[in-house]
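Below is one structure, written out as structure tokens; comments come after it.
The values are calculated or read from the model by the stated rules, or taken from the named source; none is laboratory data. Predicted model, so just to flag it, every value in this text is computed and none were measured. Glycine also receives a Cβ, built like all others from the backbone with ideal geometry; neighbour counts cover every protein chain displayed. For the accessible areas, the whole protein counts, side chains as well, though only heavy atoms, and no ligand, DNA or RNA atoms are used. Shrake-Rupley method; radii C 1.70, N 1.55, O 1.52, S 1.80 Å.
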Amino acid sequence: MAIKRPRGTADILPGEVEKWLALENLARRISRTYGYAEIRTPIFEHTELFARSVGDTTDIVEKEMYTFLDKGGRSVTLRPEGTASVARAYIEHGMSSLPQPVKLYYIGPFFRHDRPQAGRLRQFHQFGVEVFGTAHARADAEVIILASEFFRALGLDDLEILLNSVGCPVCRADLARRLREFFRNREREVCATCRARLERNPLRLLDCKDEKCRELIRTAPTPVDTLCGECRQHFQQVQDYLRLQGVPYTLEPCLVRGLDYYTRTAFEFVSPHLGAQNSVGGGGRYDGLVEACGGKPTPGVGFAIGLERTLLLLETASKDVGVPPSKPFVFVAMAGTTEEVALSVLYRLRRAGIRAEMDYTGRNLKGQLKHAARLGAPYVVIVGEEEIARGTVILRDMEVARQEEIEIDALIDRLEKREVKQL
Ligand code: HAM
């Protein structure tokens, strides 16, 4: 039986890859414009990194990590998200001694062992940014604006930005206490997951998707009720900066997000077209993360956008991105025993950056012309024995089915003038 790819993974084939390149190029272009430098971190990390940062009571760490022992007996994990790795790299490379803030972006694969469905994969891809070394609300607004600029550039303008503040450890402790109190006599009314979380991570009860839990949560205390003065002011500033740039948002008091490192700002980009997996990107501030990973106390803020979900949205909106796979511009055909000259013409064209192709299967001239037409090459160079003797080849324009004899040395010049370069 033929071997298939693992469930929840995808092959990105020619035709599709070009869309990915377009997304990645856009992500790079916008990130650079906003002053972010690219970082690439390993695909696997010590498991401890995620337990300490993402939080060991989160779904990701409790259920979804690809964790295994390596040959040296150390527990390693395929990265389920990027923020922890970037924070680790920030500490490991002494980036706190660079001018602050340090602004980084990344694009790459991430892994979560969840039940695959539309928009939810086990290997998926994110474009993310992280800013370290500033607690200023301008940075929170900047990353939100950057993400919305990415979606706007793609023509995805019906996304909603949900915004909340989950407060600092001080106001969060207050909220946790009030939530425990609120749910104390209602323990039997909440789902099993919420019941288990009530002691260890009560904030997560706020974003439970269970119908009955949602009903209860409507009257539960939320972060906005318990924000301390400084957090309240910071939250207000973030909103002021967004309004200043005309970026609309919706306040969502129950938004707490599924990772434990968030402090203050939390946000999500949601779409009405994605069904259950409606979040296409999300992020927030994480002022305690660097310290939790063993660094000096350093504030930070960032987001990650899911690229598969972005592509799904583009498809739903019938928006085309990316150029089609590159077709040959010239097909070099052999008439008779002219292989040597034909190969030299082929490679001269390619060296000049012209997309040139030839036959590999021994087709006769007629077959080669047919093949060139099937590949969609607008020009064919026919290398014939008689023409070689005169230092020429035949250049055939496939669209108008007209051909002319042309000196080999003039060929590149002529074709370069006509080619529209791709990719
Ligand atoms: P997250 O909300 O877990 O945040 O993931 C961000 C985005 O990645 C989601 O909105 C979604 O589009 C995509 N995503 C997540 N899981 C899957 C999956 N199984 N299949 C397909 N797409 C998925 C983070 O990862 C944080 N590190 C974001 C962040 C950066 N916060 C601060 N800085």
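Does segment 273-352 come out rounded, prolate or oblate, given a ≥ b ≥ c as the square roots of the eigenvalues of its C-alpha gyration tensor, rounded meaning a/c under 1.5 and, failing that, prolate meaning a/b above b/c?
Numbers: a/c = 6.34, a/b = 2.23, b/c = 2.84.
Oblate shape, in that a/c is at least 1.5 and b/c is the bigger or equal ratio.
Looking at segment 227-269 from every direction and averaging, what is the projected area of its Cα convex hull in nm²? Walk me through the numbers on the way to the answer.
On the way: hull surface 13.7 nm².
The orientation-averaged projected area of the Cα hull of segment 227-269 comes to 3.4 nm².
Would you please give the FRET efficiency between GLU16 and THR361, computed as 1/(1 + (r/R0)^6) with r the Cβ-Cβ distance and R0 = 22 Å, to the nearest 0.05? Don't skip to the answer; put the middle values down first.
Numbers: r = 27 Å, r/R0 = 1.21.
That pair, GLU16 with THR361, gives E of 0.25.
What is the antiparallel percent of DSSP beta bridges lying wholly in segment 330-416, to the nearest 5? List each step's numbers first, then the result.
On the way: 10 of 19 bridges.
If I count the DSSP bridges inside segment 330-416, around 55 percent turn out antiparallel.
Note down, for segment 186-281, the three equivalent ellipsoid semi-axes (square root of 5 times each alpha carbon gyration tensor eigenvalue), biggest first, whole angstrom.
Details: eigenvalues 134, 65, 25 Å².
After diagonalising the Cα gyration tensor, the semi-axes are 26, 18, 11 Å.
With the full set of protein chains in place, find how many percent of the accessible area of the chain is carbon and sulfur; take the probe as 1.4 Å.
Working: 10920 of 21400 Å².
Roughly 51 percent, rounded to a whole number.
Would you list, by chain and number, the lysines whose Cα falls below 27 Å from the Cα of LYS209, excluding same-chain residues fewer than 8 positions away?
Straight-distance partners of LYS209: LYS63.
Can you give me the solvent accessible area of MET334 with a 1.4 Å probe, rounded to the nearest 10 Å²?
So the heavy atoms of MET334 present about 40 Å² to solvent.
Return one whole number: the accessible area per residue of segment 330-416 in Å², for a 1.4 Å probe. The partial results should precede the final answer.
On the way: 4800 Å² over 87 residues.
Per residue, segment 330-416 has 55 Å² of solvent-accessible surface.
Going Cα to Cα from LYS370, which lysines come in below 16 Å? Please leave out same-chain ones fewer than 8 positions away.
By straight Cα distance, LYS370 reaches LYS327.
Output wanted: per-residue J couplings in Hz (rounded whole) for segment 36-45, from phi through Karplus 6.51 cos²θ - 1.76 cosθ + 1.60, θ = phi - 60°, x for Gly and Pro.
Coupling constants for segment 36-45: 9, 9, 6, 10, 10, 10, x, 6, 10, 9 Hz.
According to the square roots a ≥ b ≥ c of the eigenvalues of the Cα gyration tensor, what is the shape class of segment 330-416, taking rounded for a/c under 1.5, prolate for a/b larger than b/c otherwise, and oblate for the remainder? Can you show the working numbers first?
Numbers: a/c = 1.25, a/b = 1.09, b/c = 1.15.
Rounded, since a/c falls under 1.5.
Largest first and in whole Å, give the semi-axes of the chain's equivalent ellipsoid, each being the square root of 5 times a Cα gyration tensor eigenvalue.
Numbers: eigenvalues 608, 99, 86 Å².
Working from the Cα gyration tensor, I get semi-axes of 55, 22, 21 Å.
So which lysines pass the test for LYS319, namely a Cα distance under 16 Å, with those fewer than 8 places away in the same chain ruled out?
Output for LYS319: LYS19.
Under the Karplus relation 6.51 cos²θ - 1.76 cosθ + 1.60, θ = phi - 60°, what is the ordered set of whole-Hz ³J(HN,Hα) values for segment 388-399, x standing for Gly and Pro?
Per residue, the Karplus-derived 3J(HN,Hα) values read 3, 4, 9, x, 10, 9, 9, 9, 10, 8, 6, 5 Hz.
When a/c reaches 1.5 or more, the comparison of a/b and b/c decides; with that in mind, is segment 67-203 rounded, prolate or oblate per its Cα gyration tensor? Intermediate results must be reported in sequence, preceding the final value.
Working: a/c = 1.41, a/b = 1.25, b/c = 1.13.
Rounded is the answer for segment 67-203, as its axis ratio a/c remains below 1.5.
What helices in the chain pass both tests, a Cα length along the helix axis of 20 Å or more and a mean Kyte hydropathy of 0.5 or higher, using whole DSSP H runs? Mind dumping the intermediate values first?
Working: long enough: 17-33 (24 Å, -0.39); 137-153 (24 Å, 0.66); 169-184 (22 Å, -0.48); 229-244 (22 Å, -1.11).
Those that clear 20 Å and a mean of 0.5 are 137-153.
Could you provide, to the nearest whole Å², the per residue accessible area of segment 42-172 with probe 1.4 Å? All intermediate terms of the calculation are to be shown ahead of the outcome.
Working: 5390 Å² over 131 residues.
Per-residue value: 41 Å².
To the nearest 10 Å², what's ASP70's accessible area with a 1.4 Å probe?
The value for ASP70 is about 60 Å².
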